[in-house]
1. Which of the residues belonging to segment 1-60 are in a loop (DSSP other than H, G, I, E, B), open to solvent by 50 Å² or more (accessible area, probe 1.4 Å) and in contact with a helix residue (DSSP H, G or I) (Cβ under 9 Å, 6 or more places away or on another chain)?
2. Among the candidates Y92, Y103, single out the residue that is among the aromatic types (F, W, Y), surrounded by 17 or more Cβ atoms within 10 Å (Cβ to Cβ) and out of contact with any Lys or Arg (no Cβ under 9 Å at 6 or more places or on another chain).
3. Exactly one of (1) surrounded by 13 or more Cβ atoms within 10 Å (Cβ to Cβ); (2) small (G, A, S); (3) in a loop (DSSP other than H, G, I, E, B); (4) without any contact (Cβ under 8 Å) to a residue 60 or more places away in the chain is unmet by A73. Its number?
Amino acid sequence: VQLQASGGGLVQAGGSLRLACAASGRIRSINGMDWYRQAPGKQRELVAGITSSGGTNYGDSVKGRFAISGDNAKKTIYLQMDSLKPEDTAVYYCHVIREYFNYWGQGTQVTVSS
């Protein structure tokens, strides 16, 4: 499985960005794909995910501001990030577990200026 993330960048506080993660290889469904982020000096944390049943879940710090969605035909998930705050600055990674193995994308930098 390969994961290719895109869409990061520099934005002012209050702005929006949309990330995309395209999966390829031995993956048939976007269910179970999720986004993590890691800020300098901090642990990697879950941002949002698509559950195994196709629902969604979010980290507490992004609820109401971020929305995860996906396109099974394209094997791609998206993360719409609105009302961005400086504390959202991090490298964002897409992730999926398949056959008990963790797969990570290469990460995309999101920087929110105050």
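The values are calculated or read from the model by the stated rules, or taken from the named source; none is laboratory data. Just so it is clear, the model here is predicted, and its values are computed rather than measured. Virtual Cβ from ideal backbone geometry, glycine too; neighbours counted across all protein chains shown. Heads up: the accessible areas ignore ligands, DNA and RNA and are worked out on the full protein's heavy atoms, side chains in. Shrake-Rupley method; radii C 1.70, N 1.55, O 1.52, S 1.80 Å.
1. A13
2. None of the others qualify; the one that does is Y103.
3. Checking A73 against (1) surrounded by 13 or more Cβ atoms within 10 Å (Cβ to Cβ); (2) small (G, A, S); (3) in a loop (DSSP other than H, G, I, E, B); (4) without any contact (Cβ under 8 Å) to a residue 60 or more places away in the chain, the one that fails is (1).
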